[in-house]
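Shown next, in structure tokens, is the structure this report addresses.
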Amino acid sequence: MRGGEQVKLKRRLESLQKSGAAGNEGAAGEARLLAAWLDDEAITSRKRQDDRCKVLVGALVGTLMASGRAVVLQDHRTLLNALDEFLSRPAERLAVLGTDGSGSEAFRRVFTHASD
């Protein structure tokens, strides 16, 4: 879902929640349904981002292996540096490296352990 659409739906949700709090049962029910749908959309979006990150890291590893090079990625910095050299498309770089090159939110979700 595009950002503009999501903003409109969140505003609609706020409006429905206010009406529901004022006693409008129909609005309250619609608000519950819309909130659940928005939550599902957010989960789906995060999963897509995570999957994209995994696929691109897999592409890096596959390319290294196919070229006969050793695949030694002992820490996040090494992996990020290898991805920085490997990724050329701006959208893919943003999806994996983030805006500052330290790893996107999806990269951190997928490749960072809770103990790190």
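Laboratory data are not the source of any read-out in this text; all were calculated from the coordinates shown. These numbers were taken from a predicted model, which means no experiment stands behind them. Cβ sites come from the backbone with ideal geometry, for glycine too, and all protein chains shown count toward neighbours.
Just a few scattered comments:
- The chain, helix-only ellipticity at 222 nm - DSSP H runs n ≥ 4, -39,500 (n - 2.57), divided by all residues, nearest 500: -25000 deg cm²/dmol
- Simple spin-label estimate for Arg108 and Arg77 in nanometres, 7 Å along Cα-Cβ: 1.8 nm
- Computed lengthening from Ser88 to Ala21, 0.36 nm per intervening residue step minus Cα-Cα distance: 19.1 nm
- Exposed trypsin sites (Lys or Arg not before Pro) absent: longest stretch of the chain, with sites in DSSP loops and at most 11 other Cβ within 10 Å deemed exposed: 3-68
- Neighbour net charge for Gly29 - beta-carbon separation under 15 angstrom, K R +1, D E -1: +1
- A simple count of charges around Gly4, restricted to other residues whose Cβ falls under 12 Å of its Cβ and scoring Lys, Arg +1 and Asp, Glu -1, yields +3.
- Bridging of Lys18 to lysines at a Cα separation below 29 Å is possible for Lys8, Lys10, once same-chain residues fewer than 8 apart are set aside.
- Prolate/oblate/rounded call for the chain, Cα gyration tensor, a/c under 1.5 rounded: prolate
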